[in-house]
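What follows is one structure encoded as structure tokens, with my remarks underneath.
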Amino acid sequence: MELILVVVGAIVVTAVANRRGLEPALIIVVVGIAVSFLPGFEAPELDSHVLLAVVLPPLLYSAALNFSFPTFLRNIRPILGLGVGLVVVTAFAVAAVSAWLVVVPLTFGTALVLGAIVAPPDAVTAVAVGRKLGLPKKVMAILTGESLINDAAALALFSVAVAQVAGTHTFIANPLLLFGYSAVLGPVVGAALGYVTLWIRKRLKSPGLETVQGLVVPFAAFLAAEEIHASGVLAVVVAGFVVGSGTLDSGYQTRLQERYVWNSVDVLLEAFVFAYIGLHLRFVLEDLREAHESLTEVVVASAIVLLVVLVIRPVSVFLMFGRGVLSRHVESRLSVPVPEHGGRGALGMRRRRREPGKWRSMIDRRSLSWQDNVVVSWTGMRGVVTLAAAAAIPLTTITGDPFPERATIQAVAFVVSVGTLLLQGWTLPLLIRRLKLSSRTEDNVYDREETLKAERIVHDAADEVFAVFRANPPDGLDPRVLTEIRNLVARQSQDADEMPDPEAHTLRAEVFAALYKDVLAAQRAALIGERDSGGVDDEAVRAMLERLDLQEAGVSARLESRL
């Protein structure tokens, strides 16, 4: 009953925040904190494994469904740098500072547990704010891609750190081998389950059943991978990529239905997670009091860790992305042109012209502007993974002793999560507006160009089908009727009264239906083919495919309304 009330309350707060133009996640956290201090209030308790296995998989799967794999590959370098490299750097930086300052008695091992917990950012709020304010496409792609893989790196590091402190044994003793095993086998499980899902869908032929099956996929991928000690997070992400790229084999009803279902699931789970975070503040403080920890020391330690988390990301972003811009600027100022057939410039740098390979040519090597870097460096809000990992710390070690400083680690992690949500979440929209990133025209021009490409592809594909239709007209119909059918299909938005009744088994109706399906199939196939060859942006293709689905839905609805 408590969980239902939490969900209902979170939805109400989300609705109010949306009407007021506020960020729902932040308002939900604030309201949850206030409610937690009401007399007699008891917060709902969920096992950490429930949080990880029920909340995280659908959020990741939905993001992967809507995020194109080609876009992921184009931005793979910054995504890996932030999603893996920065997670490791943040975890060890927090561990080193926490153990060195000795504000609370943390060994390096327990400090590393804390570091792994607070290392992965949750991009839900950042992506929502960025989408609302119109952040550049490359920045949005990097933030979304980072959120898909940073949880896997953090949870793998967390498992190793907990095993070292608790004295338990991991599946593979060597941490590097364990991470490699998890990172390789997890995607394999996800890909296998994704292709099985597509195989089943071809045989269901029912939008309702296909949507229900899709709801099961993220949980199945996560649990199957975790069962063999692989990364459930990566399994879910890869399954989402495979299913998302193979949905053309489904009907338009399934695609439209799934799109709205997953949007609703995202809103529901995100509201619940942020409400759950806010409602537990008072009880975190009570756990500290029961553990006889000094509240002052924990507050100081939390402030220090929060400061490290806030600082380490901008520093790392500059070192990863900013130094390339700086070096190119210095080189352009100090070097002289390189000879046509090779040689050395003023900086002694020999350059050779080398044709990039197929995969290398797909990678976007454009640098982020300094404004983009500033925004990326300030999108480090923590969320569901930090909360779930903190709750997943075992109560005891292998010897039966209490896990060292468990309450302290959980309190610090909670403060860091809420602190980053409030500090960075409130200021991020102001920062974006101040830097005037949302007023750029390059992305709008690019989007328009890619949309025009997609429209040309669709029109050319339809023209090819019409050419074949004219060259090989079906027998038994007057040429004027054939011309009329062709024009009806071409216009698609014609009033339904002029269209053949789909239930009337006449030659005219059958020819119309066959030609209309051929045109749509050719258009979708042409779009996918151009996308795979790199001729048009994947996001423009997805937008055009959605337009085709809506057109087909509109035509079908108008035809069915006549019956």
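Phi angles across the stretch 260-271 convert, under the Karplus curve 6.51 cos²θ - 1.76 cosθ + 1.60 with θ = phi - 60°, into 3J(HN,Hα) values of 6, 5, 5, 4, 5, 4, 4, 4, 5, 5, 5, 4 Hz, Gly and Pro given as x. Have a look at 264, 218, 239 and report the one farthest towards the positive end of the charge dipole of the stretch 204-269, computed about the Cα centre with Cβ charges (Lys/Arg +1, Asp/Glu -1). Farthest towards the positive pole: 264. Rg/Rh for the stretch 87-234 stands at 1.07; both radii use Cα atoms, and Rh follows the Kirkwood definition.
Site pair residue 41 and residue 168 shows an inter-label distance of 3.2 nm when each label is modelled 7 Å from Cα along Cα→Cβ. For the residue pairs 137/202; 205/517; 202/517; 137/205; 453/517; 132/205, alpha carbon separations beyond 27 Å are given by 137/202; 137/205; 132/205.
Excluding residue 117 itself, calculate the net charge of residues whose Cβ lies under 15 Å from the Cβ of residue 117, where each Lys or Arg counts +1 and each Asp or Glu counts -1. It works out to a net charge of -1. Taking a ≥ b ≥ c as the square roots of the eigenvalues of the alpha-carbon gyration tensor, the stretch 54-108 is classed oblate because a/c is 1.5 or more while a/b is no larger than b/c. Charge tally for residue 385 (other residues, Cβ to Cβ under 15 Å; Lys, Arg +1; Asp, Glu -1): -4. Scalar couplings 3J(HN,Hα) for the stretch 114-124, obtained by applying the Karplus form with A = 6.51, B = -1.76, C = 1.60 to θ = phi - 60°, are 4, x, 5, 5, 8, 6, x, x, 10, 7, 4 Hz; x denotes Gly and Pro.
Each distinct pair of alpha carbons in the stretch 1-124 adds a 1/r term; the inverse of their mean, the Kirkwood radius, is 18.0 Å.
Tell me, 542, 531 in order of fewest to most beta-carbon neighbours within 10 Å? Numbers along the way, then the final one.
On the way: 542 18, 531 23.
Placing the least packed residue first, the sequence is 542, 531.
Can you tell me which of 105-111, 158-164 comes out highest on packing, and rank the rest after it, using the mean Cβ neighbours within 10 Å? It would help to have the intermediate numbers written out before the result.
Working: 105-111: 19.0, 158-164: 20.9.
So the order, starting with the most tightly packed, is 158-164, 105-111.
Partners of residue 138 within straight-line reach, counting lysines whose Cα lies under 18 Å from its Cα and excluding those fewer than 8 residues away in the same chain: 436.
A Förster distance of 25 Å, applied to the separation of the beta-carbon atoms of residue 15 and residue 215, puts the FRET efficiency at 0.55. Couplings 3J(HN,Hα) for the stretch 461-470, derived from phi with the Karplus relation 6.51 cos²θ - 1.76 cosθ + 1.60 (θ = phi - 60°), are 5, 5, 4, 5, 5, 5, 5, 5, 5, 5 Hz, where x marks Gly and Pro.
Dimensions of the stretch 184-280 based on its C-alpha atoms, expressed as ranges along the principal axes with the largest first, amount to 46, 32, 17 Å.
Any read-out appearing in this document is the output of simple, stated calculations on the displayed coordinates, not a laboratory observation. Owing to the predicted nature of the structure, the values given are computational and were not obtained by experimental measurement. Note: ideal-geometry Cβ built from the backbone for every residue, glycine included; neighbour counts use all protein chains shown.
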